[in-house]
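*Asks:* Could you have a look at this structure, given as structure tokens, before my questions?
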Amino acid sequence: MASGGDRLSALPDKALVRVLSHLVTDEAVRTSALSSRWRYVHEGVPVVHLVDTKTGGRADRMADLKVCFDHQVACAILGKGAETPIRVLRLGGVLHVPYDLLDQWIATAVASGVEDLDIDLRYDEAAPGPLCPFRRSPDQDDSWMYTVTPRQTFRCRTLRRLRLSCWALDLPGSVDMASLETLHLDRVTARDGLLQQLLSSCPRLADLRNYTAVAAVRIEICQGICGEEPPEVAPVMALIGRCEKLARLDLCLRLSVASYSSLLTSVLRDLTHLRQLILEGSLVTADAAPSVAALLRNAKDLEVLSLLPRVPESRPSKGRDSLA
């Protein structure tokens, strides 16, 4: 040490593993080429974190890739030491991976006692941009285009953090997620009360009053069939209302703000710590201004209000004129 040797390599394996756990998996594996000291350190890292960088179809440019993403994930999972569990599985920008592979990866992580699961899917140019099951019309259900969540995900008792992006939510008959503390659903379709079932089945998530660190929430709500209020709005608003220490609320509504006025008003009344409200939605209806005024009357300690009007989505409806 005194002669200025390699102090990092002199650290114990436990410390080196912790350092490598903050790297993307392929970067952590490259450290095995540094020296014999580092050759097997990456095998003890309980994290699989990879990002899919391919574009286009699976067969279009596969020859240009040095390593197929599917093989990268498989090797990262299988390359762990016998005594190394997978505590974190993060896969970003996954494009066109067969469902059976996704299912196997997640099943392996669940069996290993995963605590942090983050799977972000992508779709090619042919897929619609907004992830909404009724994007085109009330008569055309687009939800079949999106990958369905593997059911074993929701029977993982060790899972503490779950983030899913661009999936179609599907639940088993019974959900067992006793340890879940953080849930992040980004562009996820959830129909027939599935979101309400999920929230009510996670005891540590539902009782957010015990988590004073919950300070900011962002939620985007899509409109339902023919523009009516989606059934998931009420349980989501109830969940927000339980965040007693909430200081910042960011709501993006794809329907008129007036349609949610009564629910929002009741929620804001109980959020005594709320200081910043970002509200994005349609303000074109005649009752939009009174609705916003009612919201402000029930958020007396609000310091920052951001109103972001959005153009109503034009779409055909049955027996009802468009809001536009």
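*Asks:* For Leu95, what residues show an amide H to amide H distance below 5 Å, using hydrogens built from the backbone and excluding near sequence neighbours?
*Replies:* Arg122
*Asks:* For Arg161 and Ala107 in the same chain, what is the full-extension length gain: residue separation times 0.36 nm, less their Cα-Cα distance, in nm?
*Replies:* Between Arg161 and Ala107, full extension yields an extra 17.8 nm.
*Asks:* What is the extension gain from Asp26 to Ala234, computed as 0.36 nm multiplied by their sequence separation minus the C-alpha to C-alpha distance, in nm to one decimal?
*Replies:* Numbers: separation 208, 0.36 × 208 = 74.88 nm, distance 4.28 nm.
Full extension of this stretch gives 70.6 nm more.
*Asks:* Residues of the range 90-115 with the amide nitrogen closer than 13 Å to a label point 7 Å from the Cα of Asp250, along Cα-to-Cβ, please.
*Replies:* Output list for this probe position: empty.
*Asks:* Roughly how many nanometres apart are two label points built 7 Å out from the Cα toward the Cβ at Gln276 and His184?
*Replies:* 1.7
*Asks:* Right, something else. Report the extension gain between Cys68 and Tyr99 in nm, rounded to one decimal, defined as 0.36 nm multiplied by the number of residues separating them, less their alpha carbon distance.
*Replies:* 9.6 nm
Each value in this text was obtained by applying a stated rule to the coordinates, not by laboratory testing. In this text the structure is predicted, and so the values were computed from the model without any measurement. Here the Cβ is made from the backbone with ideal geometry for all residues, glycine too, and neighbour counts use every protein chain on show.
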